[in-house]
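Data first, discussion second: the structure below is written as structure tokens.
The values are calculated or read from the model by the stated rules, or taken from the named source; none is laboratory data. Worth saying up front: this structure is predicted, and the values here are computed from it rather than measured. Note: ideal-geometry Cβ built from the backbone for every residue, glycine included; neighbour counts use all protein chains shown. Keep in mind that these areas ignore ligands, DNA and RNA; they rest on the heavy atoms of the full protein, side chains included. Shrake-Rupley method; radii C 1.70, N 1.55, O 1.52, S 1.80 Å.
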Amino acid sequence: MPDFFPYFCAFKTIPIVNKKFVILIAGLLFAACSSQHTTHELVICGDDKILIIDETASDGADVKVVWSWQASDVATQISADYQTYLRSMDDCKPVDGGKNILTTSSSGAVLLIERATKKCLFYAHVPNAHSADKMPGDRIVVALSTNPQGNRLNVYDTNRSDKVLFSDSLYSGHGAVWNDKRQRLYTLGYDNLREYSLVNWDTASPSLKLEKKWTIPGESGHELSYVSEDELIVSDHFNVHLFNISNETFTPFEPLKDMADIKSANYIKSTGKLVYTKAEESWWTFNVYIKKPDKTIHIPDLKIYKVRTLYSDN
């Protein structure tokens with residue numbers, strides 16, 4: 001142990017009383033360092049429920065649930081109508097560093113839920129809401145799919161529940177992803193991917209400016225997720241693509257190439273880790289699939305639609 005030898009020699013020269021003190025301090029430092037760990041959690045939604053599970057401690061039907069929520073948890077917080085609007089949760093993104101969950105329901109709502117208390121921080125009635133994301137300045141953007149009052153992209157302020165600040169048409173809206181490094185919003189509709197910039201964002205009347213629009217390789221765009229500053233995952237009915245923002249090109253996403261009906265996909269490029277869901281029972285599934293390490297998490301009593309990852313170092 002040549003690297004430690006000088007320290008060992010120095011330790012031998014310390015008086016016995018001081019040695020005990022050094023050992024105590026070293027033990028406390030070791031305990032503090034040992035308490036730091038990486039959490040691997042999955043946020044899963046379906047029916048009127050959201051679950052957060054410990055990914056590492058879950059495998060097959062052996063599932064470790066660390067947090068759960070259902071529509072009835074907000075029954076005394078917001079209008080009773082929302083019990084009807086929250087029947088089919090279809091996205092559940094951890095936001096604000098994982099402190100809150102931004103969730104949408106195709107039955108007609110978007111909610112911002114505080115994880116620690118399950119308090120509803122924001123709500124809005126949004127017909128056929130399919131995805132949402134947190135924007136700068138406590139704003140929220142929601143993609144609305146097909147509905148007489150849908151096919152839109154709506155912007156809200158978290159401090160003003162149920163009030164639309166800005167809206168744009170977006171047929172069969174299914175995806176919304178804010179790219180903080182580029183300061184751009186990306187949205188997915190039936191056959192196109194869009195890029196928006198922020199206009200008058202710090203005022204009471206913010207808006208979005210359509211900067212670019214690309215035709216996706218297939219039809220019925222569904223999943224849109226962030227990979228890196230320069231890349232997005234885009235799925236359509238029959239396939240999954242990787243979109244390079246700088247090159248403005250779509251290429252097959254090899255881990256899910258030629259796979260149809262992908263409802264959600266979360267990819268960590270540096271490790272190749274992939275967490276995804278696909279429709280297997282009509283529009284839902286009972287399984288969450290993971291690659292690297294490969295395993296399947298099975299939840300037979302939940303019609304799962306999407307899964308999102310929540311990985312952090314504590």
Query raised in the report: Looking only at strands (runs of 3 or more DSSP E) that fall completely inside the stretch 245-307, which ones have 1 or more residues that are aromatic (Phe, Trp, Tyr), over 20 Å from the mean Cα position of the chain (by Cα) and at pLDDT 95 or above?
Result: 249-252
Report summary line: Within the stretch 290-313, of all residues that are within 21 Å of Ile101 (Cα to Cα) and among the basic types (Lys, Arg), the one most open to solvent (accessible area, probe 1.4 Å) is Lys303
Requested in this report: Please determine, by comparing only the residues of the stretch 55-99 that are of a type in the set (Gly, Ala, Ser), closer than 27 Å to Gly175 by Cβ and not in a strand (DSSP E or B), which one is most open to solvent (accessible area, probe 1.4 Å).
Outcome: Gly97
Query raised in the report: Pairs, please: C-beta under 7 Å, at least 6 apart or cross-chain, first residue under 15 Å from Asn151 (Cα atoms) and in the stretch 100-114, second of a type in the set (Lys, Arg) and surrounded by fewer than 23 Cβ atoms within 10 Å (Cβ to Cβ)?
Result: Ser105/Arg87; Ser107/Arg87
Report summary line: Subset of the stretch 153-168, residues more than 17 Å from Ile113 (Cβ to Cβ) and outside any strand (DSSP E or B), comes to Arg160, Lys163
Query raised in the report: Does any residue of the stretch 181-192 turn out to be hydroxyl-bearing (Ser, Thr, Tyr), touching a Lys or Arg at 6+ places or on another chain (Cβ under 8 Å) and either within 25 Å of Glu231 (Cα to Cα) or surrounded by 14 or more Cβ atoms within 10 Å (Cβ to Cβ) (or both)?
Result: yes
Requested in this report: For Trp214, indicate whether it is assigned to a loop (DSSP other than H, G, I, E, B) and either open to solvent by 40 Å² or more (accessible area, probe 1.4 Å) or modelled with pLDDT of 95 or more (or both).
Outcome: no
Query raised in the report: Of all the residues that make up the stretch 215-244, how many are of a type in the set (D, E, K, R) and more than 13 Å from Tyr186 (Cβ to Cβ)?
Result: 2
Report task. Answer with yes or no whether Val155 is open to solvent by 10 Å² or more (accessible area, probe 1.4 Å) and touching a residue at least 24 places away in the same chain (Cβ under 8 Å). Result -> no
Query raised in the report: Can we say Ser172 is touching a residue at least 24 places away in the same chain (Cβ under 8 Å) and either under 20 Å from Asp138 (Cβ atoms) or not hydrophobic (A, V, I, L, M, F, W, C) (or both)?
Result: yes
Report summary line: How many residues of the stretch 106-121 are of a type in the set (Val, Ile, Thr) and not in a loop (DSSP other than H, G, I, E, B)? The answer is 2
Requested in this report: Kindly indicate whether any position in the stretch 122-129 is assigned to a strand (DSSP E or B) and either open to solvent by 10 Å² or more (accessible area, probe 1.4 Å) or closer than 30 Å to Lys292 by Cα (or both).
Outcome: yes
Query - Among the residues listed as Glu223, Glu248, Glu254, the single one being within 25 Å of Lys278 (Cα to Cα) and open to solvent by 50 Å² or more (accessible area, probe 1.4 Å) - result: Glu254
